[in-house]
Amino acid sequence: MGLFKLFFVFFHLLFFCMFPVLGSAAAAESLQSYIVQLHPHEATANGNHAMFASKQHWHLSFLEKSVPWEGEKRPSSRLLYSYHTVFDGFAAQLTEEEAAALRELPGVASVRADRRVELHTTYSYKFLGLNFCPSGAWARSGFGGGTIVGVLDTGVWPENPSFNDRGMPPVPARWQGVCQGGEHFNATNCNRKLIGARFYSKGHRANYPTNPSDAVSLMEYVSPRDAHGHGTHTASTAAGAAVAGASVLGVGAGEARGVAPAAHVAAYKVCWFNGCYSSDILAGMDDAVRDGVDVLSLSLGGFPIPLFEDSIAIGSFRATLRGVSVVCAAGNNGPSPSSVANEAPWVITVGAATLDRRFPAYVRLGNGRILYGESMYPGKVDLKNGGKELELVYAAGGSREEMYCIKGSLSAATVAGKMVVCDRGITGRADKGEAVKEAGGAAMILANSEINQQEDSVDVHVLPSTLIGYREAVELKNYISSTRRPVARIVFGGTRTGRARAPAVALFSARGPSLTNPSVLKPDVIAPGVNIIAAWPGNLGPSGLDDDDRRSNFTVLSGTSMACPHVSGIAALIRSAHPSWSPAMVRSAIMTTADVTDRQGKPIMDGGGGKADAYAMGAGHVNPARAVDPGLVYDIDPADYVTHLCTLGYTHMEIFKITHAGVNCTAVLQRNAGFSLNYPSISVAFKTNTTSAVLQRTVTNVGTPNSTYIAQVAAPHGVKVNVSPTTLTFSEFGERKSFRVTVDAPAPRDNADGYLVWKQSGGQGKRRVRSPIAVTWVVE
């Protein structure tokens, strides 16, 4: 096993002994973690928090009334977290009976089971147009200097050069965070770049099975240190320092920089080997807002659920009230319609797009045909001859496990020394390469299935490998089945930029319309999220596999998880350039300046085929240079979010669970007749027998005084759109102007999209303030 793994076995046994998951008595009654929300100002049998020495004492008083003593163990031993900032309540381990008893106590608003969610660059900053131009986003924002980006993820590897603080300004005086010590992590690991780090494991420990033996091999660090890489990757993408000569074992070489390279980073480790639990996430958000972050970046989530059951939505509402911009990943459940997660209208929801960087790795068949593929295997670049010609093998008539190259399913007698074709799916892409290598295979071709189409997320494989699209996979398999001794070789083509058409919406990127809130278009924008190179921890090989003994400071990952921190970095740039702006203004600037054409000036395409619509790309692909100078912004008073929730038909209690405030929706809607949320995009959800809608929007001039904007409208197909007035004239900076948008749809049809652009006229500038218009028909 070796000393290193022996140490981790010992530490994990110690960890689970020090923090047992279940007490012996409670185990029989099946404890699980619950999140308990309280009425903060309501007088109850337990009083309210003002009557206690602290909020934690108040929280414990509820446990004292609902949880019995267990021998010498007090009810307080069940407390996991006491929340103070983004949520009023606590998390605790309870039996079902205790949870039911707690629900009946006066002052308890809700008791819900803890929920597990999943984790959803050397070039991407250049692709975004970030450069040293004096009028560019970096120059105008001071590279994001002075802002603090809080990253909720798997932690951070502080020794990575992306977190070097050379040239960084001092830690802002307003910072209240800490550098929490733990396993292989102490206060000296923080600096002027990585200014804070904390970890949250109580929810994870409470929900993980009692036997920790399966976890030992994963070598988890009980500290803010990252054992998985995801958090290190996302943090460096948002705000990593400049690193010259960065590459993945020589591939994709260049200078690595985060989107906001002068911003400070605070890491909050809320995700572990078994996922991310809501109780830990809430605790991280609670501390982050109190610590003083300006931007919260959450590359995690799940499937769409009602906002009043979504801990991220609930926590981010209070964060937004405190001026924090919250940026979330849209999820990787695309291209299915209405798959978008993190749908709250107060967060920025980010989908994923491609770059124009490619890593070609061609398959040259024995019949002379060449199939295009991609790989980041650090093989020799030989465009003329390629690698050694090998016999091809594919388990077409074998078991499903063999076709998907599941570990242990491949016969050495069949695959030894050969190039193995593996179908994509079930297990990770890199795992398949490891399975082939363990069975004695010499190379691998990873074949996309029909559901993957031409999607091309690459990996740093442990043996010569390439990924081919579905069209190429069909041709390859036809060649194998029709040839007595099929052979092929892989030709690695290095790194190429600027030739491929991009950006395009990634096939896996989750799509709208929003399932729970179709009157707000989600995702908001798309950003680079495919084959992103960023920082990587020193305990893992670049493939992320346990047995990969190669080491690199950088690796490549794909997902909306990678897109999210790009936008977090842009939000940091905007906050630096405009520190007084609200989170709604920051989001508006990002959305209304987004691009809807690719680098060739053609419409952005959808990875699923055809032109991308607003349900795939939201307002479009982010453009930071324009976002720091948007001209006009759509601001939102936080009280308007409450009114919006009333328009959705949410009950008094459902709204309370989100906002922690009581509201009478009848009175609110009477005072706000014809209300529509002042969102930067325009989304209309027609119900049965409804054919017309009138929406009002208000824009604030943050550009030049004495400016005029003229409306340009492209109505969705089969829909009429009228804007009144069609001209907005501003005499002062900060002036507000309102307009109305009337949408008429004579008959139900397929979802459709168009746009409204406010174009600055005359010689005052070239600002274009664009809002997508999306029309859906809701089946009741």
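The values are calculated or read from the model by the stated rules, or taken from the named source; none is laboratory data. Just so it is clear, the model here is predicted, and its values are computed rather than measured. Heads up, the Cβs are rebuilt from the backbone with ideal geometry, glycines too, and the neighbour counts pull from every protein chain shown. With ligands, DNA and RNA removed, areas are computed over all heavy atoms of the protein, side chains included. Shrake-Rupley method; radii C 1.70, N 1.55, O 1.52, S 1.80 Å.
Return only the number of the condition from (1) assigned to a strand (DSSP E or B); (2) closer than 26 Å to residue 437 by Cβ; (3) aliphatic (A, V, I, L, M) that residue 526 does not satisfy.
(2)
How do the pairs read when you match residues in segment 52-77 that are assigned by the TED database to the domain that holds residue 88 with residues anywhere that are modelled with pLDDT under 85 and surrounded by fewer than 15 Cβ atoms within 10 Å (Cβ to Cβ), using Cβ under 6 Å and keeping only pairs 6 or more apart or on different chains?
Listed pairs, sorted by first residue: 70/25.
Tally time: how many residues in segment 764-780 are open to solvent by less than 10 Å² (accessible area, probe 1.4 Å) and either at pLDDT below 80 or more than 13 Å from residue 699 (Cβ to Cβ) (or both)?
The number of residues fulfilling the criteria is 5.
Select from segment 179-191 the residues that are crowded, with 16+ Cβ neighbours inside 10 Å and within 24 Å of residue 260 (Cα to Cα) and list them in ascending order.
Correct list: 179, 189, 190, 191.
Which of the residues that make up segment 319-335 are modelled with pLDDT under 95 and open to solvent by 10 Å² or more (accessible area, probe 1.4 Å)?
Hits for segment 319-335 are 332, 333, 334, 335.
Do any strands (runs of 3 or more DSSP E) lying entirely in segment 7-114 carry at least 2 residues that are touching a Leu at 6+ places or on another chain (Cβ under 8 Å), under 19 Å from residue 207 (Cβ atoms) and modelled with pLDDT of 80 or more, and which ones are they?
32-38, 79-83, 89-94
If you go through segment 734-743, how many residues are surrounded by fewer than 14 Cβ atoms within 10 Å (Cβ to Cβ) and either closer than 24 Å to residue 512 by Cβ or modelled with pLDDT under 95 (or both)?
Going through segment 734-743 one residue at a time, the tally reaches 1.
Take the residues of segment 218-253 that are open to solvent by less than 10 Å² (accessible area, probe 1.4 Å) and part of a strand (DSSP E or B): which is modelled with the lowest pLDDT?
252
Might you let me know whether segment 517-528 holds any residue that is at pLDDT below 95, touching an Asp or Glu at 6+ places or on another chain (Cβ under 6 Å) and either in the same structural domain as residue 760 (by the TED database) or crowded, with 21+ Cβ neighbours inside 10 Å (or both)?
yes
Considering only residues of segment 468-523 that are among the aliphatic types (A, V, I, L, M) and assigned to a helix (DSSP H, G or I), which is farthest from residue 614 (Cα to Cα)?
Among those that are among the aliphatic types (A, V, I, L, M) and assigned to a helix (DSSP H, G or I), it is 480.
Could you check, for segment 747-763, whether at least one of its residues is part of a strand (DSSP E or B), over 29 Å from the mean Cα position of the chain (by Cα), surrounded by fewer than 14 Cβ atoms within 10 Å (Cβ to Cβ) and not hydroxyl-bearing (Ser, Thr, Tyr)?
No; the residues of segment 747-763 include none that is part of a strand (DSSP E or B), over 29 Å from the mean Cα position of the chain (by Cα), surrounded by fewer than 14 Cβ atoms within 10 Å (Cβ to Cβ) and not hydroxyl-bearing (Ser, Thr, Tyr).
Which residues, counting only those in segment 456-512, are in contact with a Pro (Cβ under 8 Å, 6 or more places away or on another chain) and either closer than 30 Å to residue 523 by Cβ or among the polar types (S, T, N, Q) (or both)?
Once the filter is applied, which keeps residues that are in contact with a Pro (Cβ under 8 Å, 6 or more places away or on another chain) and either closer than 30 Å to residue 523 by Cβ or among the polar types (S, T, N, Q) (or both), segment 456-512 yields 460, 496, 503, 507, 508, 509, 510, 511, 512.
Yes/no matrix, rows are residues, columns are (1) open to solvent by 10 Å² or more (accessible area, probe 1.4 Å); (2) touching a His at 6+ places or on another chain (Cβ under 8 Å); (3) assigned by the TED database to the domain that holds residue 260; (4) under 23 Å from residue 264 (Cα atoms):
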| site | (1), (2), (3), (4) |
| --- | --- |
| 558 | yes, no, yes, no |
| 573 | no, no, yes, yes |
| 577 | yes, no, yes, yes |
| 592 | no, no, yes, no |
| 596 | yes, yes, yes, no |
| 610 | yes, no, yes, no |
| 614 | no, no, yes, no |
| 617 | yes, no, yes, no |
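Regarding residue 669, is this residue modelled with pLDDT of 95 or more and either of a type in the set (D, E, K, R) or surrounded by 14 or more Cβ atoms within 10 Å (Cβ to Cβ) (or both)?
When the stated conditions are applied, residue 669 does not pass them.
Please tell me if residue 679 is closer than 25 Å to residue 518 by Cβ and crowded, with 19+ Cβ neighbours inside 10 Å.
Yes, satisfied.
So how many residues does segment 314-335 have that are outside any strand (DSSP E or B) and farther than 16 Å from residue 288 by Cβ?
Number satisfying all stated conditions: 6.
Suppose we filter 501, 489 for residues that are in contact with an Asp or Glu (Cβ under 7 Å, 6 or more places away or on another chain), at pLDDT 90 or above, over 23 Å from residue 400 (Cα atoms) and not aromatic (Phe, Trp, Tyr); which single one remains?
Of the residues listed, the single one that is in contact with an Asp or Glu (Cβ under 7 Å, 6 or more places away or on another chain), at pLDDT 90 or above, over 23 Å from residue 400 (Cα atoms) and not aromatic (Phe, Trp, Tyr) is 489.
Collect the residues in segment 512-554 that are within 17 Å of the chain's Cα centre (by Cα), more than 18 Å from residue 617 (Cβ to Cβ) and of a type in the set (Asp, Glu), keeping them in residue-number order.
Answer for segment 512-554, where residues must be within 17 Å of the chain's Cα centre (by Cα), more than 18 Å from residue 617 (Cβ to Cβ) and of a type in the set (Asp, Glu): there is none.
Could you give every pair whose Cβ atoms fall below 7 Å, whose first residue belongs to segment 534-545 and is within 19 Å of residue 189 (Cα to Cα), and whose second residue is hydroxyl-bearing (Ser, Thr, Tyr) and open to solvent by less than 10 Å² (accessible area, probe 1.4 Å), counting only separations of at least 6 or pairs across chains?
535/162; 535/232; 535/236; 536/232; 536/555; 537/232
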